[in-house]
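The values are calculated or read from the model by the stated rules, or taken from the named source; none is laboratory data. Not measured: the values here are computed from a predicted model. Please note: Cβ atoms are built from the backbone with ideal geometry, for glycine as well, and neighbour counts cover all protein chains shown.
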Amino acid sequence: MLCQKKIIVTYKTFNIMKVNEIMANLEAKHPGENEYLQAVREVLETIEEEYNKHPEFEAAKIVERIVEPDRIFTFRVTWVDDKGQVQTNLGYRVQFNAALGAYKGGLRFHPKVNVSMLKFLGFEQIFKNSLTNLPLGGGKGGADFDPVGKSDAEIMRFCQAFMYELWRNIGPDQDSPAGDVGVGGREIGYLYGAYKKLAREHSTGALTGKSYGWGGSLIRPEATGFGAIYYVERMVKQQGDKMEGKRIALSGFGNVAWGAATKAVELGAKVVAISGPDGVCEIPDGITKEMIDYMLDMRASNRNKVEDMATKFPGKAKFTAGKKAWIVKCDIAMPCAFQNELAEEDAKMLLANGVKYVAEVSNMGCQPAAIAAIQAAKVPFGPGKAVNAGGVATSGLEICQNAGHINWTAPEVDQKLHKIMNDIYDMCVEHGKMADGTINYVKGANIAGFMRVAKAMVAQGII
Ligand code: 2IT
């Protein structure tokens with residue numbers, strides 16, 4: 001009797017996660033890795049209650065294990081520019097967690113890339129990939145290489161030099177990178193060519209986002225944006241509302257914003273803003289098919305200027321330098337560019353202008369104070385790891401097609417993508433339903449994503 005009591009007391013006292021203690025340890029161990037610490041804190045705070053109902057998780061120290069990557073590769077990438085000068089960059093691959101499958105996640109080429117950024121992205125990727133219900137572990141990589149202003153030949157030489165190092169650590173059953181900011185179809189082509197030459201095998205599943213015709217999947221380029229709109233459509237329906245006629249402000253003008261704009265227009269919504277590092281383009285009558293096509297030219301030019309849209313379509317798009325997309329009055333705000341791009345003051349401006357929904361399409365696109373302000377105003381908020389999961393989900397479908405040596409048609413892939421997004425949405429509702437009937441999509445996504453990984457880790461033992 002006494003003994004039993006003691007066990008219960010011990011369990012209650014020690015077998016629970018203490019977020020502040022864990023965060024204090026991580027802050028001491030990884031000082032200055034702010035994005036990574038931000039991403040970890042958000043997940044731990046929202047899963048804490050559910051986690052503590054599972055003593056088997058704490059017994060296996062799941063949280064302490066899941067917050068540290070399995071391993072990180074850091075390597076020097078040296079290449080020769082068009083002037084014949086030798087350039088050196090830093091390349092990385094963070095292999096974060098392989099409980100559910102081989103490591104999977106994009107490569108980001110951007111001058112600000114560092115370990116903290118890739119650890120936050122890799123950490124988010126674990127739960128996002130879990131939400132897709134496909135056998136995908138979590139990883140991320142990239143380099144502090146700036147593609148802006150680089151020639152096509154320079155991009156190719158950089159991708160080849162990057163692969164000299166990375167090729168040994170990737171493969172369809174080991175780790176399969178894809179694109180992210182600064183890495184699109186062209187870069188994946190050069191990366192794959194180099195991989196194939198070095199590895200001496202045509203192993204298409206080693207990279208995703210390939211072009212159609214040599215292993216790429218139809219709908220993969222559109223998938224992140226399409227998936228985001230499928231998710232937002234469910235958020236809108238949940239409120240008894242419809243997409244038709246909604247004014248949408250998107251940030252960025254890259255692959256993700258392009259896909260989202262395409263599907264939004266198809267559903268009868270109006271995209272009234274896109275943006276870039278140079279400012280915002282307001283499009284009062286809504287973006288047209290020609291303008292959406294022109295987004296691809298803007299990306300291919302490597303100029304990184306949204307002003308080009310206003311120059312090409314005078315009278316239709318109005319450029320304002322130095323401002324964000326959030327100054328434009330809209331019903332739905334969808335950050336599609338970079339982490340922490342939507343700050344608290346942006347959220348307040350959106351709310352003052354009557355925004356009805358906010359959905360992150362970029363990874364961790366909103367700052368914590370912005371999310372808090374949006375949620376406090378009872379405006380439905382969709383978190384990136386759920387909203388943008390269509391991209392990696394379709395990468396998973398690309399790997400399936402590669403493994404089976406088959407190509408699915410565009411409607412076949414789109415239908416599977418749509419089902420995956422609907423399932424993710426349903427899981428977020430199931431785990432995010434609050435006592436007052438509202439849905440906390442952040443909580444729902446984190447719990448649903450975490451549970452699958454944690455159960456797999458427990459089942460696979462202490463490794
Ligand atoms: O953030 C992401 O999910 C991506 N950049 C896509 C990753 C992938 O492996 O397709």
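Below is a table of values for the structure above.
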item	result
Subset of region 196-209 (residues that are crowded, with 24+ Cβ neighbours inside 10 Å and over 21 Å from Ile292 (Cα atoms))	Ala206, Leu207, Thr208
Close pairs (7 angstrom Cβ cut-off, 6 or more residues apart or separate chains): closer than 20 Å to Gly179 by Cβ in region 390-413, surrounded by fewer than 23 Cβ atoms within 10 Å (Cβ to Cβ) and among the basic types (Lys, Arg) anywhere	Leu397/Lys416
Single residue of Ile283, Ile229 found to be of a type outside the set (S, T, N, Q) and farther than 23 Å from Leu417 by Cβ	Ile283
Pair list, Cβ under 6 Å, 6 or more apart: region 450-463 residue farther than 17 Å from Gln125 by Cβ, other residue surrounded by 11 or more Cβ atoms within 10 Å (Cβ to Cβ)	Val458/Glu56; Val458/Ala60
Among residues of region 287-327, those that are small (Gly, Ala, Ser) and not in a helix (DSSP H, G or I), counted	5
Residue match in region 86-98 (condition: touching a residue at least 24 places away in the same chain (Cβ under 8 Å), over 12 Å from the mean Cα position of the chain (by Cα) and within 12 Å of the ligand (Cβ to nearest atom))	no
Considering residues of region 193-218 that are closer than 18 Å to Ala403 by Cβ, more than 17 Å from the chain's Cα centre (by Cα) and hydrophobic (A, V, I, L, M, F, W, C) only, the residue farthest from the ligand (Cβ to nearest atom)	Ala199
Wholly enclosed helices (runs of 4 or more DSSP H) of region 328-440 bearing at least 3 residues hydrophobic (A, V, I, L, M, F, W, C) and surrounded by 15 or more Cβ atoms within 10 Å (Cβ to Cβ)	344-352, 368-376, 389-404, 410-432
Filter result (in contact (Cβ under 8 Å) with a residue 24 or more places away in the chain, small (Gly, Ala, Ser) and either part of a helix (DSSP H, G or I) or within 15 Å of the ligand (Cβ to nearest atom) (or both)) within region 142-192	Gly142, Ala143, Ala153, Ala161, Gly171, Ser176, Ala178, Gly179, Gly182, Gly184, Gly185
Count of region 122-141 residues which are more than 10 Å from the ligand (Cβ to nearest atom) and not in a helix (DSSP H, G or I)	5
Residue in region 251-258 that is part of a helix (DSSP H, G or I), at pLDDT below 95 and among the aliphatic types (A, V, I, L, M) present	no
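This table checks each residue for (1) crowded, with 18+ Cβ neighbours inside 10 Å; (2) farther than 23 Å from His431 by Cβ; (3) modelled with pLDDT of 95 or more.
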residue	(1), (2), (3)
Ile8	no, yes, no
Glu35	yes, yes, yes
Leu44	yes, no, yes
Val63	yes, no, yes
